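Encoded as structure tokens, the structure appears first; notes follow it.
Values in this text are rule-based calculations from the coordinates and carry no lab data. Remember, it's a predicted structure, so these values are computed and weren't measured experimentally. Cβ atoms come from the backbone with ideal geometry, glycine included; neighbour counts cover every protein chain shown.
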Amino acid sequence: MKYFELGLREAVDLVRSGQITAAEILESYLVHIESADREIKAYLTLAFDRAMNRARKIDGRKEKGRLAGAVVAIKDNIVTRGLRTTCGSRILENFVPPYDATVVERLEAEDAIIIGKTNMDEFAMGSSTENSAYFPTRNPWDLERVPGGSSGGSAAAVAGFEAMAALGSDTGGSVRQPAAFCGIVGLKPTYGRVSRYGLVAFASSLDQIGPLARSVEDCALLTSVISGFDRRDSTCADRPVPDYLADLGSFQDRIRVGFLKETSLRGINPEVAASYRRVQQMVTALGFEVVSMDFPSWEVALPCYYIIAPSEASSNLARYDGVRYGFRAEAAELADMYIRTRTAGFGSEVKRRILLGTFALSSGYYEAYYARAARARQAITAELRAAFERVDFILTPTTPEPAFKLGEKQDPIAMYLQDYFTVAASLAGIPGISIPCGLTPDGLPLGLQVLSPPFAENRLFKFAFLLENNIKFKNNMNGINTRGRRKNEN
């Protein structure tokens, strides 16, 4: 048996029952990663020795946690004590944090094994992982294509069987979009459901840590571990965490499902639109009530996001000045040191967003840009909240197109359009999950986004599990071989 092909829940059950050891599973991963990651390049930092020491300690204990033996990858903007955390940026190339993020503490408290830190777009700014300061990550389904972003390394690691599951961060779609591109499951929780303590800030009112896994069940298990109140994060909600694994896929009440009107699908890839229509037919055939919905404010969601997020980034990234930590350029004068440090330390996309945000917040432009975007955000949130008075779930495509080729999108605006279906949920703070819903004729995965009211992740997982079992995409995971290429590739 190739242990690295086991699902998270399956592997944990085997370790907890004593049928296999955590060290045996980890050894299988180490051998596979050494081969597969030469092409995929999902990881920035690997921690083989540290992981093996932890696996042996887990095997030596009689009582084992809910994630015993689970091999988990962590996006490189989530801090890990004693393990390099770069945010995909040269400015933090040698930064080794002195503490763990809350989510890392919670994973390790349940005996998960952290295998390494995954590649990402610099400071989570991007949709392809091509903005990493180190190297691009490749999509395991087709090595000439991107895995999405900014959590592309995490998604590629899971899809390429280099981790059972991973954590990413989602500010405007950075968990859901790469999950769709890589044919896996990715959740953006409700804002405040998961602690942000230890997540390096991009846009603080939008950032959320979310799990990526190869099944809804595995995603639910990981979410149940990382969720819950944390006094160290003032935005973390003090609410009980339901059992997300309870009664998956079962509904006793009548479910109403919202679908976008055809006018909302104009301009998107025809294969994405066709897949979305097939899902609507399937949901109707399952006996659920289908409601056609229109969201006028979604037309401004993308520009709204690309004012608010860069504005917050402009403020958050001001701390990287070469004085306290991180990269520091040599210069005779302090002002010159600031300029040289940030010029050499930041990549072009980060600089672009800092400039956009600084402009939007500047005197004379604040009201015209940031204040208007804030009012638009309120309208988008109100529109979505009102929609959930009519329906239980809203289904949309996750992305407007399948994974594109490396280097294909040189225009920043073309890259920003990848977030068209995901930013509204981020602005409103509601949860959204992406599940695989089919393949293009070229064998590329497509994603379906399911949205629910805030703090309704338990129902969201139940419905996503039901859809997953009816779509049956997980059988198509055989389309990936474990060396990171499609099996039908010559």
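So how far, in whole Å, is the C-alpha centre of the range 285-331 from the one of the range 116-170? Their Cα centres are 18 Å away from one another.
Can you sort L67, L222, L356 by how many other beta carbons sit within 10 Å, fewest first?
L356, L67, L222
Couplings 3J(HN,Hα) of the range 237-242, computed from phi: 6, 8, 10, x, 9, x Hz, in residue order, whole Hz [Karplus 6.51 cos²θ - 1.76 cosθ + 1.60, θ = phi - 60°; x for Gly and Pro]. Toward the positive end of the charge dipole of the chain, with +1 on the Cβ of Lys and Arg and -1 on the Cβ of Asp and Glu, the farthest Cα among V323, I471, P397 is that of V323.
(i) 31, 30, 21; (ii) 37, 33, 22; (iii) 50, 24, 21: which one is semi-axes √(5λ) of the Cα gyration tensor in Å as calculated from this entry? Answer label, from the structure shown: (i).
When the C-alpha to C-alpha distance is required to be over 32 Å, the pairs from K41/K261; K62/K472; K75/K351; K64/K405; K41/K409 that qualify are K41/K261; K62/K472; K64/K405. Peptide packing for 79-90, 240-251 was compared via the average number of neighbouring C-beta atoms within 10 Å per residue; ordered from the highest value, the list is 79-90, 240-251.
The calculated 222 nm mean residue ellipticity attributable to helices in the chain amounts to -11000 deg cm²/dmol, summing -39500 (n - 2.57) over DSSP H runs of n ≥ 4 and dividing by all residues. Ranked by the mean number of other Cβ atoms within 10 Å of their residues, highest first, the peptides 454-465, 276-287 come out as 454-465, 276-287. Per-peptide packing, taken as the mean over residues of other Cβ atoms within 10 Å, places 310-316, 233-239, 2-8, 43-49 in the sequence 310-316, 2-8, 43-49, 233-239 from highest down.
When both bridge partners sit in the chain, DSSP labels roughly 65% of those beta bridges antiparallel.
In debye, nearest 20: dipole of the chain around its Cα centre with unit charges on the Cβ of K, R (+) and D, E (-)?
Numbers: 58 positive and 57 negative charges, 51 e Å.
Dipole size: approximately 240 debye.
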